[in-house]
1. Starting with the highest mean, order 13-25, 33-45, 50-62 by the number of other Cβ atoms within 10 Å, averaged over the residues of each peptide.
2. Which value, in debye to the nearest 20, describes the size of the charge dipole of the range 1-77 about its Cα centre when Lys and Arg Cβ atoms bear +1, Asp and Glu Cβ atoms bear -1, and nothing else is charged?
3. Roughly to the nearest percent, how much of the accessible area of the chain is carbon and sulfur, given a 1.4 Å probe?
4. Which one of 63, 11, 47 has the biggest mean-square fluctuation once the chain is modelled by GNM with Cα springs under 10 Å?
5. On a 0 to 90° scale, report how tilted helix 11-27 is relative to the longest principal axis of the chain, with both axes built from alpha carbons and the result rounded to the nearest 10.
6. Which ³J(HN,Hα) values in Hz, rounded to whole numbers, follow from the phi angles of the range 42-53 under the Karplus curve 6.51 cos²θ - 1.76 cosθ + 1.60, where θ = phi - 60° and Gly and Pro get x?
7. If you roll a 1.4 Å probe over the heavy atoms of the protein chains, what accessible area per residue do you get for the chain, in Å²?
8. For all pairs of alpha-carbon atoms in the chain, what percent lies in each bin of width 10 Å, listed from the first bin to the last filled one?
Amino acid sequence: LVTMAFFKPSLVIMIIGFFMFRLFDITKPQPVAWCEKKFSGGTGIVLDDVMAGIYANLAIHLLIFIDTYFKINLLTSYL
(Lines give C-alpha, C1' and ligand atoms only; values in the text may rest on other atoms or scores of the structure.)
Protein backbone atom coordinates (compact mmCIF):
# COMPACT_ATOMS: atom_id res chain seq x y z
CA LEU A 1 0.00 0.00 0.00
CA VAL A 2 2.80 2.41 0.88
CA THR A 3 4.64 1.53 -2.34
CA MET A 4 1.70 2.49 -4.54
CA ALA A 5 0.69 5.66 -2.66
CA PHE A 6 0.29 8.74 -4.92
CA PHE A 7 0.21 6.73 -8.17
CA LYS A 8 -2.69 6.17 -10.52
CA PRO A 9 -3.48 2.46 -10.83
CA SER A 10 -1.43 1.13 -13.71
CA LEU A 11 -0.37 -2.45 -14.39
CA VAL A 12 3.19 -1.43 -15.29
CA ILE A 13 3.62 0.73 -12.18
CA MET A 14 2.15 -2.04 -10.00
CA ILE A 15 4.58 -4.60 -11.40
CA ILE A 16 7.55 -2.27 -10.96
CA GLY A 17 6.33 -1.39 -7.47
CA PHE A 18 6.03 -5.05 -6.50
CA PHE A 19 9.58 -5.85 -7.60
CA MET A 20 10.99 -2.68 -6.03
CA PHE A 21 9.26 -3.48 -2.74
CA ARG A 22 10.59 -7.05 -2.77
CA LEU A 23 14.09 -5.77 -3.59
CA PHE A 24 14.12 -3.39 -0.62
CA ASP A 25 12.37 -5.88 1.67
CA ILE A 26 14.94 -8.61 0.93
CA THR A 27 18.12 -6.50 0.85
CA LYS A 28 17.05 -4.39 3.87
CA PRO A 29 19.09 -1.20 3.39
CA GLN A 30 19.33 1.10 6.39
CA PRO A 31 17.04 2.08 8.18
CA VAL A 32 14.90 -0.89 7.07
CA ALA A 33 17.14 -3.38 8.90
CA TRP A 34 17.34 -1.09 11.93
CA CYS A 35 13.55 -0.98 12.25
CA GLU A 36 13.34 -4.75 12.26
CA LYS A 37 16.07 -5.11 14.88
CA LYS A 38 15.06 -2.18 17.11
CA PHE A 39 11.40 -3.13 17.55
CA SER A 40 10.47 -6.63 18.64
CA GLY A 41 7.69 -8.85 17.39
CA GLY A 42 5.08 -7.71 14.93
CA THR A 43 5.94 -4.03 15.29
CA GLY A 44 9.41 -4.57 13.84
CA ILE A 45 8.06 -6.64 10.97
CA VAL A 46 5.43 -4.04 10.08
CA LEU A 47 7.87 -1.11 10.32
CA ASP A 48 10.33 -3.06 8.17
CA ASP A 49 7.66 -3.41 5.48
CA VAL A 50 6.59 0.24 5.75
CA MET A 51 10.19 1.44 5.31
CA ALA A 52 10.68 -0.91 2.33
CA GLY A 53 7.45 0.51 0.85
CA ILE A 54 8.69 4.08 1.31
CA TYR A 55 11.98 3.22 -0.40
CA ALA A 56 10.12 1.53 -3.26
CA ASN A 57 7.79 4.52 -3.65
CA LEU A 58 10.74 6.91 -3.81
CA ALA A 59 12.52 4.64 -6.30
CA ILE A 60 9.47 4.64 -8.61
CA HIS A 61 9.25 8.44 -8.37
CA LEU A 62 12.96 8.61 -9.24
CA LEU A 63 12.46 6.30 -12.24
CA ILE A 64 9.57 8.44 -13.48
CA PHE A 65 11.63 11.62 -13.00
CA ILE A 66 14.54 10.14 -14.99
CA ASP A 67 12.12 8.89 -17.66
CA THR A 68 10.58 12.36 -17.98
CA TYR A 69 13.82 14.36 -17.71
CA PHE A 70 15.63 12.40 -20.42
CA LYS A 71 12.44 12.08 -22.51
CA ILE A 72 12.70 8.29 -22.65
CA ASN A 73 8.91 7.92 -22.24
CA LEU A 74 8.95 4.27 -21.22
CA LEU A 75 7.09 4.78 -17.94
CA THR A 76 5.28 8.05 -18.54
CA SER A 77 3.33 6.54 -21.44
CA TYR A 78 1.70 4.16 -18.93
CA LEU A 79 0.78 6.84 -16.37
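1. On the way: 13-25: 16.6, 33-45: 13.0, 50-62: 18.2.
For the peptides 13-25, 33-45, 50-62, the packing ranking is 50-62, 13-25, 33-45.
2. 80 debye
3. 74 percent
4. Answer for the Gaussian network model of the chain: 11.
5. 30 degrees
6. Computed from phi, the couplings for the range 42-53 are x, 4, x, 5, 5, 5, 4, 5, 5, 5, 5, x Hz.
7. Spelled out: the 1.4 Å probe surface of the chain, per residue, equals 69 Å².
8. All Cα pairs, binned at 10 Å, distribute as 20, 45, 25, 9, 1 percent.
The values are calculated or read from the model by the stated rules, or taken from the named source; none is laboratory data. Keep in mind that this is a model prediction, so the values were computed, not measured. Because the Cβ atoms are built from the backbone with ideal geometry, glycine has one as well, and the counts that use them run over all protein chains shown. Keep in mind that these areas ignore ligands, DNA and RNA; they rest on the heavy atoms of the full protein, side chains included. Shrake-Rupley method; radii C 1.70, N 1.55, O 1.52, S 1.80 Å.
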